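Here the structure is laid out as structure tokens; the discussion comes afterwards.
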Amino acid sequence: MDEVILRLYVTQKNPHAKAAIQTLNQLHDRVNIKLEIVDVSENPDLARENHLIAIPTLERIKPEPRRRLIGDLSDTKALLKIGCQL
């Protein structure tokens, strides 16, 4: 199986950021992924380069094709369903 790399764009001041990170850590325990967390308030250039329109945004970097999930990331079952398709 290809290596799975996910990137989560958040701002640490956003109350949903902590929940999103916790949910993804639970996903990480079930699926072999590498998770990168980007705080867009600290790295706005990366957010602009990747044409972010909302946060939180979860992006599959690898394997191709890239895919995005935007918004509420608190539903572990939905994430697993999408994550398995990642």
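Examine segment 27-34 for a residue that is assigned to a helix (DSSP H, G or I) and in contact with a helix residue (DSSP H, G or I) (Cβ under 6 Å, 6 or more places away or on another chain), and state whether such a residue exists.
Of segment 27-34, the ones assigned to a helix (DSSP H, G or I) are 27-30.
In the following step, the residues that additionally are in contact with a helix residue (DSSP H, G or I) (Cβ under 6 Å, 6 or more places away or on another chain) were identified as 27.
Yes, because at least one residue in segment 27-34 is assigned to a helix (DSSP H, G or I) and in contact with a helix residue (DSSP H, G or I) (Cβ under 6 Å, 6 or more places away or on another chain).
Of the residues N32, N25, the single one that is of a type outside the set (A, V, I, L, M, F, W, C), open to solvent by 80 Å² or more (accessible area, probe 1.4 Å) and at pLDDT below 85 is N32.
Would it be correct to say that A47 is part of a helix (DSSP H, G or I), within 14 Å of T11 (Cβ to Cβ) and either modelled with pLDDT of 80 or more or β-branched (V, I, T) (or both)? Against the criterion (part of a helix (DSSP H, G or I), within 14 Å of T11 (Cβ to Cβ) and either modelled with pLDDT of 80 or more or β-branched (V, I, T) (or both)), A47 qualifies.
The values are calculated or read from the model by the stated rules, or taken from the named source; none is laboratory data. Source: prediction; values computed, not measured. Neighbour counts are summed over all protein chains in view; Cβ atoms, including those assigned to glycine, are modelled from backbone coordinates with ideal geometry. In case anyone asks, the SASA skips ligands and DNA or RNA and just uses the protein heavy atoms, side chains included. Shrake-Rupley method; radii C 1.70, N 1.55, O 1.52, S 1.80 Å.
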